[in-house]
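Asker: Before we start, here is the structure in question, set down as structure tokens.
The values are calculated or read from the model by the stated rules, or taken from the named source; none is laboratory data. Predicted model, so just to flag it, every value in this text is computed and none were measured. No Cβ is skipped: glycine too gets one built from the backbone with ideal geometry, and neighbour counts run over all protein chains shown. Areas reflect the complete protein model, heavy atoms only, side chains present, ligands, DNA and RNA absent. Shrake-Rupley method; radii C 1.70, N 1.55, O 1.52, S 1.80 Å.
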Amino acid sequence: LSRVESMAQLAKGVHRALLSTQPRCSLLAYAQTAGKATAAGGEGKDGKDGKAAASEEASQRPQGWISKLLVGQQFNAEGAQKQSHSSLLSAGEYVYEFSTHNFRAGHEADYLKAFGGVVKATEKALPSVELVGSWTVNYGRTLDQAVHLWRYKDGYKDVDNAIRARKEDVGLRAAEAAAAQLCGRRKSILVKSFSYWGEPKARAASHVYDLRSYVLKPGSMIEWGNAWAKGITYRREANQDVGGFFAQVGQLYVVYHIWAYPSMSARNETRTNTWAKPGWDATVAYTVPLIEKMQSKILTPTEYSQLQ
């Protein structure tokens, strides 16, 4: 059996052991407990009740990333039950789009030329939307495929503007139609980035990219985020971490990780070295039971990508 398969067989038992020795990572439960403790605090200094004093004190303290992960941006403990998982896991306003195009076999060059027209038309019609990553698939379930990562810097306002532009902007409609004629299936999903991962930053040439997708069990996204907030620390030394995202529109409870390596040989060496680090195996053992399905694609950048 491979190392991952062996870990999968032991995962349930290790998962129970971890839960028995560590507090369960439930951010909503944490927030609810915090709210009860604040409400029961009685009067504080200056004659203020515990809730008011705690609220004032909290508002004066700057939020660190751990605080944002635990309680969300500008979090109100009283409204914890009403806070979405997205606001707990992502502190930024950016929204990202993964756009996947299956171009016709033998027409990669024609497709990429047409896609260049889409990039130019988008820059003109939607100036606050930028193409961060653009790749073609070299190894994976589907070949003759391109994957593009767009960043909506004004969040859902940009998403609304994009919907209108695709209906009303003549230049953008013509460019997208030209690229679509060279494609079979196309798919676009909206995602947000995990706050502990950070936003993708431009990279100079040259890298291969590993796009990993995980379909999680419904209800397990918070646990995944908590486990990876620590797990990512084992993967930063080789500057391999590009971005981590979770779905907002499309198939839900899906996570995407992007890793960069100088070569496939470097990828193999880096991953082997990671397994040698104490604690990484516990991260895998904790998260494997949360996964229903996973896959990997090896990507190489196109000329339009900021991630080279």
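Asker: Whose amide H sits under 5 Å from the amide H of Gly243, counting only residues 5 or more places off or on another chain, with H placed in the peptide plane?
Answerer: Amide H neighbours of Gly243, under 5 Å, 5+ apart: Ile258.
Asker: What does the charge count around Lys297 come to, taking other residues whose C-beta lies under 11 Å from its C-beta (Lys +1, Arg +1, Asp -1, Glu -1)? List each step's numbers first, then the result.
Answerer: Values: positive: Arg141, Arg212; negative: Asp210.
Once positives and negatives cancel, what remains is +1.
Asker: Once neighbouring chains are kept in place and the probe is 1.4 Å, which whole percent of the accessible area of the range 93-155 is contributed by carbon and sulfur? Each step should come with its number before you reach the end.
Answerer: Numbers: 1290 of 2800 Å².
Roughly 46 percent of what the probe reaches on the range 93-155 is carbon or sulfur.
Asker: Among 124-133, 253-262, what's the highest-first ranking by average C-beta atoms within 10 angstrom per residue?
Answerer: Working: 124-133: 18.2, 253-262: 20.3.
Result, highest mean first: 253-262, 124-133.
Asker: Could you go through the range 160-175 in sequence order and give the Karplus-derived ³J(HN,Hα) for each residue, using 6.51 cos²θ - 1.76 cosθ + 1.60 with θ = phi - 60°, rounded to whole Hz, and x for Gly and Pro?
Answerer: Working through the residues one at a time gives 4, 5, 5, 4, 5, 5, 5, 9, 10, 7, 5, x, 5, 4, 5, 5 Hz.
Asker: What number comes out for the charge environment of Leu216, summing +1 per Lys or Arg and -1 per Asp or Glu over other residues with Cβ under 10 Å away?
Answerer: Working: positive: Lys217, Lys293; negative: Glu223, Glu292.
It works out to a net charge of 0.
Asker: Further question: Once neighbouring chains are kept in place and the probe is 1.4 Å, which whole percent of the accessible area of the range 206-288 is contributed by carbon and sulfur? Kindly include the intermediate steps, with their values, before the conclusion.
Answerer: Values: 1670 of 3230 Å².
So the carbon and sulfur contribution to the accessible surface is 52 percent.
Asker: Another question, then. Could you report the range 103-199's accessible area per residue, 1.4 Å probe, as an integer in Å²?
Answerer: On the way: 5000 Å² over 97 residues.
In whole numbers, the range 103-199 has 52 Å² accessible per residue.
Asker: Regarding the range 159-308, what are the three Cα extents along the principal axes, ordered largest first, in Å?
Answerer: 56, 38, 26
Asker: A further question follows. Show the residues, 5+ positions off or on another chain, whose built amide H is closer than 5 Å to the amide H of Gly155.
Answerer: Answer set, sorted by chain and number: Val95.
Asker: Step through the residues of the range 94-111 one at a time and calculate ³J(HN,Hα) from phi using the Karplus curve (6.51 cos²θ - 1.76 cosθ + 1.60, θ = phi - 60°), rounding each to whole Hz and writing x for Gly and Pro.
Answerer: 4, 10, 10, 10, 8, 10, 10, 10, 8, 7, 5, 4, x, 10, 4, 4, 5, 4
Asker: Using the Karplus equation 6.51 cos²θ - 1.76 cosθ + 1.60 (θ = phi - 60°), what ³J(HN,Hα) coupling, rounded to whole Hz, does each residue of the range 269-282 give in order, writing x for Gly and Pro?
Answerer: 5, 5, 5, 5, 5, 5, 5, 7, 7, x, x, 5, 4, 5
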